Amino acid sequence: MKESLGNYFRKLESSGLLKKERIGIDQVKALLQSASRNILASEKNLSIDEEACYTLAYNAMLKTARALVFLKGFRPTDGQQHKTTIEVAGEILGKDFSELIQMFDKMRKKRNQFTYDPMLPLSLTEAKSALRTAGDFHRKVKSFLDKKYPQIKLFE
C-alpha cells in the first residue's frame, strides 16, 4: 500500500529534505508566470542556442514543479533541491504524470552534465524534445491545478 501524501511530506521533512513554510499564493503565481515566460524564451532560443533552449525548458519545468511544492506549504531545503522538487512533484501529481516526471529527471541529469562539462554535446533534437516536454508538463500541470484548486485563479 502506498503511503499517504501527508506521511510522505513528514518523512521528507524529518530527513531535512523539505521544510514547512507559509508561502503566499502570489509566489506560486509568480513561479507559474515565470515558467510560461521561460517556455516562450526557450522557443525563441531554439534556432540560436540549443543549450539555452534546453536550460530554459528545464527551468520552466522546475518552476512549475516548485509551484506545486509551494502550494502544499513546503520548500525543498537540501543540497539536492532540484531532485527533491522533481520527486515531490511526482508524488503530488501521481501516476498519470510518471512518464513526464521521468523525462523531467532525465533533463535534470543532462542539464547538470552539460553545465559542468562544456565539451558534452547537446543536439538540436534534444533541445526540441526538452521544449516539447516542458510545454506538455506545464499544460498538464495547469489542468491539474485548475481542477484541484478551482477557487484560486493560478493562471491568468
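Laid out as a table, the results:
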read-out	value
Sole exception among (1) modelled with pLDDT under 95; (2) small (Gly, Ala, Ser); (3) exposed (fewer than 13 other Cβ atoms within 10 Å of the Cβ); (4) part of a helix (DSSP H, G or I) for Ala30, by number	(3)
Search result, residues across segment 69-87 that are among the hydrophobic types (A, V, I, L, M, F, W, C) and either closer than 20 Å to Asn38 by Cβ or free of Cβ contacts under 8 Å to residues at least 24 places away in the same chain (or both)	Val69, Phe70, Leu71, Ile86
Exclusive hit being within 25 Å of Tyr116 (Cβ to Cβ), free of Cβ contacts under 8 Å to residues at least 60 places away in the same chain and surrounded by 13 or more Cβ atoms within 10 Å (Cβ to Cβ), set Arg66, Arg10	Arg66
When residues of segment 88-110 are limited to those that are in contact (Cβ under 8 Å) with a residue 60 or more places away in the chain and among the hydrophobic types (A, V, I, L, M, F, W, C), the one surrounded by the most Cβ atoms within 10 Å (Cβ to Cβ)	Val88
Answer residue from segment 75-87, given it is of a type in the set (D, E, K, R) and touching an Asp or Glu at 6+ places or on another chain (Cβ under 9 Å) and is surrounded by the most Cβ atoms within 10 Å (Cβ to Cβ) among those	Glu87
Residue in segment 41-55 that is closer than 17 Å to His82 by Cβ, aliphatic (A, V, I, L, M) and touching a residue at least 24 places away in the same chain (Cβ under 8 Å) present	no
Any pair with Cβ under 9 angstrom, 6 or more apart, that starts in segment 118-130 at a residue that is closer than 16 Å to Ala60 by Cβ and ends at one that is part of a loop (DSSP other than H, G, I, E, B) and among the charged types (D, E, K, R)	Ala127/Asp49
Number of positions in segment 113-156 that are surrounded by 11 or more Cβ atoms within 10 Å (Cβ to Cβ), among the aliphatic types (A, V, I, L, M) and over 20 Å from Glu43 (Cα atoms)	4
Residues (within 13 Å of the chain's Cα centre (by Cα) and among the hydroxyl-bearing types (Ser, Thr, Tyr)) located in segment 22-42	Ser34, Ser36
Test for Leu12: is it assigned to a helix (DSSP H, G or I), under 28 Å from Leu131 (Cα atoms) and either modelled with pLDDT under 95 or touching a helix residue (DSSP H, G or I) at 6+ places or on another chain (Cβ under 7 Å) (or both)	no
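The values are calculated or read from the model by the stated rules, or taken from the named source; none is laboratory data. These numbers were taken from a predicted model, which means no experiment stands behind them. Reconstructed Cβ throughout: ideal geometry from the backbone, glycine too, with neighbour counts over all protein chains shown.
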